[in-house]
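One structure is given below, encoded as structure tokens.
The values are calculated or read from the model by the stated rules, or taken from the named source; none is laboratory data. What you see is a predicted model; the values in this text were computed from it and never measured. No Cβ is skipped: glycine too gets one built from the backbone with ideal geometry, and neighbour counts run over all protein chains shown. Side chains are part of the model used for accessible areas, which takes the heavy atoms of the whole protein and leaves out ligands, DNA and RNA. Shrake-Rupley method; radii C 1.70, N 1.55, O 1.52, S 1.80 Å.
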Amino acid sequence: MSEPRENRWLLWLVAIGFFMQTLDSTIVNTALPSMAAHLGESPLRMQSVVISYMLTVALLMPASGWLADRFGTRRVFLAAIILFTIGSLACAQSQNLWQLVVARVIQGVGGAMLLPVGRLAVLRAFPREQFLAAMSFVTIPGLVGPLIGPTLGGWLVVYASWHWIFLINLPIGILGAIATARFMPAFFGAERQRFDIYGYLLLAFAMVTISVSLDGLAELGLKTVVVTLLLIAGLAAICVYVLHAGSSARPLFSLTLFHVRTYTIGVWGNLFARIGAGAVPFLIPLMLQVSLGFTPLEAGLMMLPTAIAGLTAKSWVSPLIQRFGYRQVLVVNTFLTGLMITSFALFSPQEPLWLRIVQLALFGAVNSIQFTAMNTLALKDLETAQASEGNGLLSMIMQLSMSLGVAAAGAMLGAFSDYFGHAEAGTALSAFQVTFACVGVITAISAWIFWQLDPNDRECSEAGHVELE
């Protein structure tokens, strides 16, 4: 156990790392049209900039705990900050789309380890009775990141250039690296465990091939047969992993997790219900700038109601679940989330500003309730021995779903743009509207997953969402 003064520094370090990660995941969306113009690309085909980061984070998260146990929390956290900072510099120096995508992958390698390793250090530094309060402190900056990210990104694009959305990470990263080397405790695992490299490679292959297959038609120009083969290969890898996990003594993620009904429903719900949540932050700033003539700053400011309403709604979750139960809350709220996403198809030059703000605020509220309720549901019934493994798999599923959301939205947007483009020029708005309608319907249909819950289940654990959001 480290000293109290060192513990305070540890909390600030982890909080800064969480802030860097969440800020970066939201600040980029507003700048995509400006990046596209500078790099000579279509703004409707820039989803790989977002997907590459999210997918890399999802790929590396399962290995972060093992790396921290093997090499120590200080070394791994320091390496994460350095890689994130180097990746940020490389993003700012990129001269074409593929250089930017590679730089985002480097950023993602660092970002994947910031929160999990930091959370692990906090878990080992603080006694169990103080852990909840410690993680609550750490997550506050992580909630501020999405709040200011879109607006800050828009301001930097208007008054400086898109390069600065990455360059602002440099001073934070340098100070964070110095502080990590000085104050981060060096915790190691109690015993050296074998890493399930075979299972990890199977899941990594599945995630990459499925994501590339969704993005293949829209941005990569792959033929339908190639996309189909990639999708089949990804699904086959998942099937092989299930067989592997069932026969392995120490699989990456044990199948016994799915013996817990609430965890199973929570994971499947996260996978499908978050697709819409991943698509909206990508689509909204893009549509406002490309189709409605907003400046990057104006598009960023339009995302503020979503973030503010989301922060406000988090306190409503526990009372709602205590009164109505998980099934009723999640079924109704998932449908409402899909309905609000579909309502963005009403965006047009004639729509009044106040109505857009109301739509975005309502989406932020129901989306926040959705995230918190799903995460709490998934983790609340796991035994202590399963908590770390279950939390790791859920974190990976969350990141994967957000990546799939952007990939699916990009694929639909590209397909509908081609369709409407052949019929009439300048119909990008119609492509956005139909894409929102489709994404909303997909989200609403996922409410059926939560219908499988016990209607009498009302217990609401506070620990579940604190560690994840």
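Here is how the numbers come out for the structure above:
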{"item": "Spin-label pair THR256/ALA133, simplified geometry with 7 Å Cα→Cβ offset, distance in nm", "result": "3.4"}
{"item": "Overall form of the chain per C-alpha gyration tensor (a/c, 1.5; a/b vs b/c)", "result": "rounded"}
{"item": "Of all accessible heavy-atom area on the chain, the percent that carbon and sulfur account for (1.4 Å)", "result": "68"}
{"item": "Surface accessible to a 1.4 Å probe, TYR241 within the full protein complex, Å²", "result": "20"}
{"item": "Area accessible to solvent at HIS163, 1.4 Å probe radius, in Å²", "result": "40"}
{"item": "Most to least packed among 86-94, 445-453, 114-122, 350-358 [average Cβ atoms within 10 Å]", "result": "114-122, 86-94, 445-453, 350-358"}
{"item": "Gain in span if fully extended, ILE82 to TRP451, counting 0.36 nm per residue against the direct Cα distance", "result": "128.4 nm"}
{"item": "For the range 1-87, average projected area of the Cα convex hull in nm²", "result": "6.9"}
{"item": "Efficiency of FRET between GLN99 and VAL225 - r from beta-carbon atoms, R0 22 angstrom, step 0.05", "result": "0.15"}
{"item": "Relative contact order computed over the chain (Cα-Cα under 8 Å; 6+ residues apart), in percent", "result": "23"}
{"item": "Relative contact order [Cα under 8 Å, 6+ residues apart], the range 15-130, whole percent", "result": "34"}
{"item": "Surface accessible to a 1.4 Å probe, per residue, for the residues of the chain, Å²", "result": "41"}
{"item": "Computed E for ALA236/ALA415 - FRET, C-beta separation, R0 22 angstrom, nearest 0.05", "result": "0.30"}
{"item": "Under Karplus coefficients 6.51, -1.76 and 1.60, residue-wise ³J(HN,Hα) of the range 435-450 in Hz, glycine/proline x", "result": "4, 4, 4, 5, 4, x, 5, 4, 5, 4, 4, 5, 4, 4, 4, 7"}
{"item": "Contour minus Cα-Cα distance for ALA37 and THR264 (0.36 nm per residue)", "result": "77.4 nm"}
{"item": "Nearest-10 value in Å² for the accessible area of THR56, using the 1.4 Å probe", "result": "10"}
{"item": "Probe 1.4 Å, all protein chains present, accessible-area order of LYS380, LYS223, largest first", "result": "LYS223, LYS380"}
